[in-house]
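Structure record follows, encoded as structure tokens.
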Amino acid sequence: MAIQLNDRDHLIFSLIDEHKVLLEKHISFFISAGDAKPVLIRDRLRKLFYLDYLLCERHRDTLPWWTTPTKPLVYTLSHMSRGIVGAAESELDLTDADIQRHFLEVANLRMLFLVDEKEGKISDVTWKTCASGNVDAKVSFTRNGLKHKVGIINHPSADHETLLNKLESALAEEDVDTVFVVSRDEAHQTALQKCVHTHMKESLLTGRIAFATHQEMYKSGVVKCRFQNVEMRPAAVFVDMITEAKTCSFNLRPQIATA
């Protein structure tokens with residue numbers, strides 16, 4: 001049974017192509033970012049799956065930020081929909097749980113920026129997912145009249161040479177003023193901070209690097225997140241930064257649990 005593809009279907013294909021893998025909540029939220037509430041697209045996603053436009057499977061591992069007992073459904077593009085949007089076949093194994101988790105975490109971070117925009121904390125959010133390069137994404141936004149241009153590196157390796165090359169190259173780009181390094185847990189974040197502090201101690205670039213965990217960002221959002229610098233001290237990413245972050249309401253942000 002054929003269906004007439006509409007503009008929203010093409011947008012769904014483009015979003016999945018950009019992020020490689022997405023959950024239903026991601027797709028719904030990205031499509032309705034400027035609306036009062038997320039659109040309901042479950043039935044449409046199921047139909048696109050049944051007609052072989054999308055591939056769908058349950059994520060194999062437990063995700064600490066996923067709070068329902070059933071593991072989430074992960075959507076990827078099929079060969080047919082790749083042809084529709086002109087997307088090349090992925091060189092990565094998108095069925096691999098670790099690869100999926102990385103891409104889902106990046107999508108979560110995009111959602112947090114959109115939540116802060118919806119709540120009026122920031123404005124003019126522009127997001128670009130980077131398939132290759134030094135960062136996983138670039139995002140620009142305005143906070144109290146000031147333009148911020150941020151590169152995001154999600155849970156990078158603690159190998160100092162690779163990490164430092166990524167940071168130095170990213171901060172040399174015109175569209176990146178600051179790099180947010182987001183880790184899955186505090187132990188990994190501490191290892192990264194020590195690595196950068198040891199090997200970039202004399203560099204002026206260290207003042208343009210901020211660290212946070214996914215747990216902290218899910219709890220507080222972007223603006224109120226308690227970022228740290230390379231010396232494991234609070235980093236005032238925003239001039240009017242509030243020390244005591246309040247939990248904001250978005251149902252993908254988890255109840256805080258030990259990583």
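Straight-line cross-link reach from LYS121 at under 15 Å between alpha-carbon atoms covers these aspartates and glutamates, not counting any fewer than eight positions away in the same chain: ASP240.
In this model, which of LYS166/LYS194; LYS128/LYS149; LYS25/LYS147; LYS71/LYS138 are farther than 22 Å apart at the alpha-carbon? As for pairs spanning more than 22 Å Cα to Cα, those are LYS25/LYS147; LYS71/LYS138. Projecting the Cα atoms of LEU77, HIS19, THR67 onto the dipole axis of region 18-78, where Lys and Arg carry +1 and Asp and Glu carry -1 at the beta carbon, places THR67 farthest toward the positive end.
Helix 97-118 and the longest principal axis of the Cα set of the chain meet at an angle near 80°.
VAL106 sits among other residues whose Cβ lies under 12 Å from its own Cβ, and their net charge, with Lys and Arg +1 and Asp and Glu -1, is +2. Given axes a ≥ b ≥ c from the Cα gyration tensor, I'd like to know whether the chain is rounded (a/c under 1.5), prolate (a/b larger than b/c) or oblate. The shape class here is prolate. For the chain, a simple Cβ point-charge model (Lys and Arg +1, Asp and Glu -1, everything else neutral) yields a dipole of about 840 debye relative to the Cα centre. At q = 0.22, 0.34 Å⁻¹, what log₁₀ I(q)/I(0) does a Debye calculation on the Cα points of region 147-188 give, no solvent, two decimals? Here the Debye-derived log intensity ratios amount to -0.73, -1.19.
Of the trypsin sites (Lys or Arg not before Pro) found in region 6-62, those in coil by DSSP whose Cβ has at most 15 other Cβ atoms within 10 Å are ARG60. Overall, region 89-243 carries a charge dipole of about 700 debye about its Cα centre when +1 sits on the Cβ of Lys and Arg and -1 on the Cβ of Asp and Glu, all other atoms neutral. Note on the chain: helix-only mean residue ellipticity at 222 nm, from DSSP H runs of 4+ residues weighted -39500 (n - 2.57) and normalised by residue number, equals -11000 deg cm²/dmol. For the pair LEU204 and MET80 in one chain, pulling the backbone fully straight at 0.36 nm per residue adds 39.8 nm over the alpha carbon distance. With both residues required to sit in the chain, DSSP beta bridges show an antiparallel share near 70%.
Summing Cβ point charges (Lys, Arg +1; Asp, Glu -1) relative to the Cα centre of region 1-96 gives a dipole of roughly 440 debye.
Label reach from ASP177 (point 7 Å along Cα→C-beta): in region 125-161, amide nitrogens under 11 Å belong to 140-150. Helix 160-171 and the longest principal axis of the Cα set of the chain meet at an angle near 80°. Sequence-distant contacts, meaning Cα pairs under 8 Å at least 6 residues apart, place the relative contact order of the chain at 14 percent.
All of the numbers you see were taken from the coordinates with simple rules; none came from a lab. Computed from a predicted model, the values in this text were never measured in an experiment. Counting neighbours? That spans all protein chains shown, and the Cβs are built from the backbone with ideal geometry, glycine included.
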